[in-house]
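Worksheet: the structure to be examined is printed underneath.
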Amino acid sequence: MALAKMALRLGHEVGLKTDPNEPNWPVLMIDLPTGQVGYHLPKDEVIGHWPEYTKEWDGHSLEEKRRRIAEFLDD
């Protein structure tokens, strides 16, 4: 959530997306310059108010998410 808040302040698109199959585990989505990343969170542990994320999940795997984060940090 801290990464998402910083990304939001930097102007990146950030928001919560509800998975209809897992409504108690919303996904906090972040559009980094290196690509979309998402984090499933227990609904009762989500802190703060987040906009709705309206884009579709791009199908990234855990490995792809880690690569995108590493590339973002390496920039």
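Taken together, the values in this text are just the output of simple stated rules run on the coordinates, not laboratory data. From a predicted model like this one, the values you see are computed outputs, not experimental measurements. A quick note on method: Cβ atoms are made from the backbone with ideal geometry, for glycine too, and the neighbour counts reach across all protein chains shown.
LYS17 satisfies every condition listed in (1) touching an Asp or Glu at 6+ places or on another chain (Cβ under 9 Å); (2) touching a residue at least 40 places away in the same chain (Cβ under 8 Å); (3) surrounded by fewer than 13 Cβ atoms within 10 Å (Cβ to Cβ) except (3). Restricting the search to the stretch 1-25, which residues are within 12 Å of LEU41 (Cβ to Cβ) and either assigned to a strand (DSSP E or B) or of a type in the set (D, E, K, R) (or both)? Within the stretch 1-25, LEU16, LYS17, THR18, ASP19, GLU22, ASN24, TRP25 meet the criteria. Of the residues examined, LEU28 is not one that is among the aliphatic types (A, V, I, L, M) and out of contact with any Leu (no Cβ under 8 Å at 6 or more places or on another chain).
Taking ILE69, is it aliphatic (A, V, I, L, M) and assigned to a loop (DSSP other than H, G, I, E, B)? So ILE69 fails the test.
Within the stretch 34-58, the set of residues being of a type outside the set (Ser, Thr, Tyr), within 13 Å of the chain's Cα centre (by Cα) and not in a strand (DSSP E or B) comprises LEU41, VAL46, TRP50, PRO51, LYS55, GLU56, TRP57, ASP58.
Remark: pairs (first residue in the stretch 35-49, free of Cβ contacts under 8 Å to residues at least 40 places away in the same chain; second residue surrounded by fewer than 10 Cβ atoms within 10 Å (Cβ to Cβ); Cβ separation under 9 Å; 6+ apart in sequence or on different chains) = LYS43/PRO23. For the stretch 46-70, give me each residue that is among the β-branched types (Val, Ile, Thr) and exposed (fewer than 12 other Cβ atoms within 10 Å of the Cβ). If the condition is that a residue be among the β-branched types (Val, Ile, Thr) and exposed (fewer than 12 other Cβ atoms within 10 Å of the Cβ), then ILE47, THR54 are the ones that fit.
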